[in-house]
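> Please read through the structure below; I'll follow up with questions.
The values are calculated or read from the model by the stated rules, or taken from the named source; none is laboratory data. Predicted model only: the values in this text are computed from it and were never measured. Please note: Cβ atoms are built from the backbone with ideal geometry, for glycine as well, and neighbour counts cover all protein chains shown.
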Amino acid sequence: MRSLLAIIAAKVALKTNRITGSGGTALPGMLAQKLDKDILRKLVLKNFPKGIIVVTGTNGKTTTSRFIANILEEAGISYVHNRAGSNMERGLISTMAENTNLYGRVDADVALFEVDEAFMPKVCRAIEPDTIVVTNLFRDQLDRYGELDKIARSFRNLFEDLPNTKLGLNADDPLVASLGYKLENERKATYFGVGDYNGPKITNDHTADSIFDPFTQQKLHYTDRYFGHIGRYRGKRGGFTRPKPDFQANNVRQKGIENIKFDVNKTSKAIKLEMPGLFNVYNAIAAYSVAKICLDTDENSIISALNESSAVFGRSEQLNYLNREVVMLLIKNPTGLNQIIQTYLLKEKDRLLVFVINDNFADGRDISWLWDAAFEDLKGYRGKILVGGTRAYDMALRLKYAGLKGVSIESDENSLLKMIEKNSTRRSKIFILPTYTAMLSMRSKIAANDDKAKEFWQ
Amino acid sequence: MKAIKIAHLYPERMSIYGDFGNVLVLSQRMNWRGIKNEVVSIEVGDKLPKDIDMIFIGGGQDKGQVVVAEDLMAKSSQIKDFAESGGPLLSVCGGYQLLGEYFISSDYGQIQGIGLFNVISKATETRMIGNILVQSEKFGQLVGFENHSGATEFIGRAQPLGVVKKGFGNNPDDKLEGVIYKNAIGTYLHGSFLPKNPKVADWLIRQAIKYSGQNIKLKELNDELENSARKNAARKA
């Protein structure tokens, strides 16, 4: 009875949201949770005969989830998936309430949830996932998440509390890989990684957070570092070292900013992602692993799903603004931003760059991280740079100390859009790098001029 | 002209929090004035060179602090001699804590500091997070972002960096922020600290030049953007 009331309340709130056009996903979940505090567990546990998949980690949650969703679709497996940004407890409840009937039944075989790192212990103890995949762990919004080691410790305890959950871990991230080291009862995690990468690299990388053996604090020896602390490394003999990946991307070849190709374990057919960036190879190989370990999907479905995937909401998504080509590149932390610089901007000389930096709660209130990102790698850039957002001055200051010129500040977004128009011409390509809330608002303003993007909001 | 040498202590383990920004600002503000300078990274086990003119140490995770504390102890007398003889030093957050008498962490017990500053720190249940505004006698208005659960208090004589106008500072109670002893500063301000507080940066540079035995007058720089950014941050505190 209690859960019936909770479902009804959440459904009414969801309807109201849709009528009023407000996009909030937390409120319906909050209402349902008030009425029944175990509502998430009740709704998830009695559903999904083919399993519950959870994707977490600092960067790549949304894109990895999108890849998995596409694989599920290709394989004809029905699923429920939370929308980008609704990855905290209440967002998940809202997702469930939206998809359930009044008896709490969901007509889908698989649940696919991306979950915020801070909510992992609570959410996963409630829903007992069949598979958890961890993409990577980097310093991120230290005001919200606290120290990286504490997050890692909470994951480790969680994994021991869920002995039947399959684990998909990034072998190339020492902190993530260590989460599967010497688990109780000789339980083995599945590892994914990248075997080689010869594409562009940034030179001013200050984001290596975990280059030490997490158990002994001895420095790890890297034979190849791709970015941050991601790469091929080894520890002292007999101790923790990079586990051999069960699924390894090889022959990684990037072509401009159009696409990136690789194969898996040197045996698969070539996979070609229609989006650039080594980080997307990691997202794809993570999704590939999930499909192999818990979905038992055939190889061809996986590969064609990955080949046909397109960019996700705000993550290297292409939009049209007054006949200019806009690429939205969401930035949240120094590692993600460095990856964007590495992938898109190293060769740029004169394209219009727009940074929009907000410090609302969802962005992280603290913008110290801008100082850890590799703006020094943009030193060959000679074009115009516009900066906006509630922390426009901080961003401009960061660029000043990186030695970049041609920076203009405009905190108001509408005026910023006018400046973008004035500083570009038809058919020119513009890179917009916004923080989360800036991405949402810039995107909706641009979408008002672009029918393709508008669809998302309906 | 001899290059001004800045020792950046433990960038691998103690620079999780925009600490690179502080070193960058020191270096650039010398570059823009044509003052030769050099930043040397000193990791655990490395020797601290004798001819340094400034020391910077940033913040890290509790786990990293344990290893760093041991190494600091081995460098203790050299660092203290440097500071006692007027060498400029900036320490932020975790680094600040380790230069005090001791730090009682929640997971690793008591970590011994080198006792340069007359302060002690203890892990608390209160996470002191947010924009912070400080009024300093020496430097005027200071802004930053703090994020710590360690509370620091003075033991014996110590001079705070400033008085907290908004936020927490050293601890939730006494409204004092940081410490200044001779030319050594300890602070909880991230942001990064120096970009929006260029007066502190220039003061450190002046002390480093003096310490190096040279006589160079600092040219004025155009700090319009720095000041706008500080005022904008002050409004948020």
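> Quick one: how many residues across segment B:23-62 are of a type outside the set (A, V, I, L, M, F, W, C) and touching a helix residue (DSSP H, G or I) at 6+ places or on another chain (Cβ under 6 Å)?
8
> Next question, about the same structure. Give the residue, chosen from A:L4, A:L72, that is more than 27 Å from A:I293 (Cβ to Cβ) and touching a Phe, Trp or Tyr at 6+ places or on another chain (Cβ under 9 Å).
None of the other options fit; the residue is A:L4.
> I'm told B:M1 meets every condition in (1) within 14 Å of chain A (Cβ to nearest Cβ); (2) closer than 17 Å to B:I216 by Cβ; (3) modelled with pLDDT under 95 except one. Can you identify the failing condition by its number?
It fails just one condition, (1).
> Applying the selection to segment B:219-235, what residues are within 10 Å of chain A (Cβ to nearest Cβ) and among the hydrophobic types (A, V, I, L, M, F, W, C)?
B:L225, B:A229, B:A233
> Hey, can you tell me all the residues within segment B:81-132 that are modelled with pLDDT under 95 and of a type in the set (D, E, K, R)?
B:D107, B:E125, B:R127
> Checking A:V194 against (1) surrounded by fewer than 22 Cβ atoms within 10 Å (Cβ to Cβ); (2) over 27 Å from A:S368 (Cα atoms); (3) more than 14 Å from every other protein chain (Cβ to nearest Cβ): exactly one of these is not met. Which one?
(1)
> I would also like to ask the following. Just one of the numbered conditions (1) hydrophobic (A, V, I, L, M, F, W, C); (2) in contact with a Phe, Trp or Tyr (Cβ under 7 Å, 6 or more places away or on another chain); (3) outside the structural domain of A:G168 (by TED's automatic domain parsing) is not true of A:V281; which one?
Every condition holds for A:V281 apart from (3).
> Of all residues being within 19 Å of A:S368 (Cα to Cα) and of a type in the set (G, A, S) in segment A:379-411, which is nearest to the other protein chains (Cβ to nearest Cβ)? Just the residue, please.
Across segment A:379-411, the extreme among qualifying residues is A:A396.
> A further question follows. Inspect segment A:397-414 for any residue being at pLDDT 95 or above, in the same structural domain as A:S441 (by TED's automatic domain parsing) and among the basic types (K, R) and give the result as yes or no.
Yes, some residue in segment A:397-414 is at pLDDT 95 or above, in the same structural domain as A:S441 (by TED's automatic domain parsing) and among the basic types (K, R).
> Name the single residue that is farthest from the chain's Cα centre (by Cα) among those in segment B:119-140 being under 22 Å from A:Y145 (Cα atoms) and surrounded by fewer than 15 Cβ atoms within 10 Å (Cβ to Cβ).
Among those residues, the one meeting the criterion is B:E125.
> Turning to a different aspect of this structure: If only one of B:V143, B:V164 is of a type in the set (V, I, T) and touching a helix residue (DSSP H, G or I) at 6+ places or on another chain (Cβ under 7 Å), which one is it?
B:V143
> State whether the residues of segment B:16-25 include one that is buried (at least 23 other Cβ atoms within 10 Å of the Cβ), facing another protein chain (nearest Cβ under 9 Å), not in a helix (DSSP H, G or I) and not aromatic (F, W, Y).
yes
> Now for a separate question. A:A111 is checked against (1) without any contact (Cβ under 8 Å) to a residue 60 or more places away in the chain; (2) over 17 Å from the mean Cα position of the chain (by Cα); (3) more than 18 Å from A:T241 (Cα to Cα) and fails just one. What number does that condition carry?
So the condition that A:A111 fails would be (1).
To keep it simple, each residue is scored yes or no on (1) surrounded by fewer than 24 Cβ atoms within 10 Å (Cβ to Cβ); (2) part of a loop (DSSP other than H, G, I, E, B); (3) assigned by TED's automatic domain parsing to the domain that holds A:D173; (4) not small (G, A, S).
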position	(1), (2), (3), (4)
A:V290	no, no, yes, yes
A:N320	yes, no, no, yes
A:K332	yes, yes, no, yes
A:E348	yes, yes, no, yes
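> For segment A:141-161, enumerate the residues that are within 11 Å of chain B (Cβ to nearest Cβ) and not aliphatic (A, V, I, L, M).
Answer for segment A:141-161, where residues must be within 11 Å of chain B (Cβ to nearest Cβ) and not aliphatic (A, V, I, L, M): A:Q141, A:D143, A:R144, A:Y145, A:G146, A:E147, A:D149, A:K150, A:R153.
> Out of the residues in segment A:198-209 that are polar (S, T, N, Q) and within 10 Å of chain B (Cβ to nearest Cβ), state the one that is surrounded by the fewest Cβ atoms within 10 Å (Cβ to Cβ).
The residue in question is A:N204.
> Additional query: Among the residues of segment A:28-52, write down those that are surrounded by 16 or more Cβ atoms within 10 Å (Cβ to Cβ) and without any contact (Cβ under 8 Å) to a residue 40 or more places away in the chain.
Those that are surrounded by 16 or more Cβ atoms within 10 Å (Cβ to Cβ) and without any contact (Cβ under 8 Å) to a residue 40 or more places away in the chain: A:L31, A:L35, A:D36.
> Within segment A:58-86, which residues are part of a helix (DSSP H, G or I) and aromatic (F, W, Y)?
Residue satisfying the conditions is A:F67 alone.
> What residue, among those in segment A:360-378 that are of a type in the set (A, V, I, L, M, F, W, C) and facing another protein chain (nearest Cβ under 7 Å), is surrounded by the fewest Cβ atoms within 10 Å (Cβ to Cβ)?
Per the stated criteria, the residue is A:W369.
> Among the residues of segment B:49-60, is any surrounded by fewer than 20 Cβ atoms within 10 Å (Cβ to Cβ) and within 11 Å of chain A (Cβ to nearest Cβ)?
The answer is no; no qualifying residue exists.
> A further question follows. Can you pull out every residue in segment B:116-127 that is out of contact with any helix residue (DSSP H, G or I) (no Cβ under 6 Å at 6 or more places or on another chain) and either more than 15 Å from B:G186 (Cβ to Cβ) or not hydrophobic (A, V, I, L, M, F, W, C) (or both)?
Matches in segment B:116-127: B:N118, B:K122, B:A123, B:T124, B:E125, B:T126, B:R127.
> Still on this model: Is it the case that A:F227 is within 11 Å of chain B (Cβ to nearest Cβ), aromatic (F, W, Y), out of contact with any Cys (no Cβ under 8 Å at 6 or more places or on another chain) and under 24 Å from A:T343 (Cβ atoms)?
Taking the combined requirement at face value, the residue does not satisfy it.
> How many residues, within segment B:65-85, are in contact with a Lys or Arg (Cβ under 8 Å, 6 or more places away or on another chain) and free of Cβ contacts under 8 Å to residues at least 12 places away in the same chain?
Of the residues in segment B:65-85, 0 are in contact with a Lys or Arg (Cβ under 8 Å, 6 or more places away or on another chain) and free of Cβ contacts under 8 Å to residues at least 12 places away in the same chain.
> State all residues of segment A:405-439 that are assigned to a loop (DSSP other than H, G, I, E, B), free of Cβ contacts under 8 Å to residues at least 60 places away in the same chain and more than 29 Å from the chain's Cα centre (by Cα); if no residue qualifies, say none.
Once the filter is applied, which keeps residues that are assigned to a loop (DSSP other than H, G, I, E, B), free of Cβ contacts under 8 Å to residues at least 60 places away in the same chain and more than 29 Å from the chain's Cα centre (by Cα), segment A:405-439 yields A:K405, A:G406.
> While we're on this one: Pairs needed: first member in segment A:79-104, of a type in the set (F, W, Y); second member anywhere, at pLDDT 90 or above; C-beta distance under 6 Å; at least 6 residues apart or different chains.
Once the first residue is of a type in the set (F, W, Y) and sits in segment A:79-104, its partners that are at pLDDT 90 or above give A:Y79/A:L72; A:Y79/A:A108; A:Y79/A:V110; A:Y79/A:L112.
> Another question about this same structure. Checking A:L295 against (1) surrounded by fewer than 21 Cβ atoms within 10 Å (Cβ to Cβ); (2) over 21 Å from the mean Cα position of the chain (by Cα), only one condition comes out false. Which one?
It fails just one condition, (1).
> If you don't mind, another one. Looking at segment A:333-349, is at least one residue more than 17 Å from A:P276 (Cβ to Cβ) and touching a residue at least 60 places away in the same chain (Cβ under 8 Å)?
Yes, the conditions are met somewhere in segment A:333-349.
> Something else about it: If you go through segment A:97-119 one residue at a time, how many are within 15 Å of A:G51 (Cα to Cα) and in contact with a strand residue (DSSP E or B) (Cβ under 7 Å, 6 or more places away or on another chain)?
Qualifying residue count, segment A:97-119: 8.
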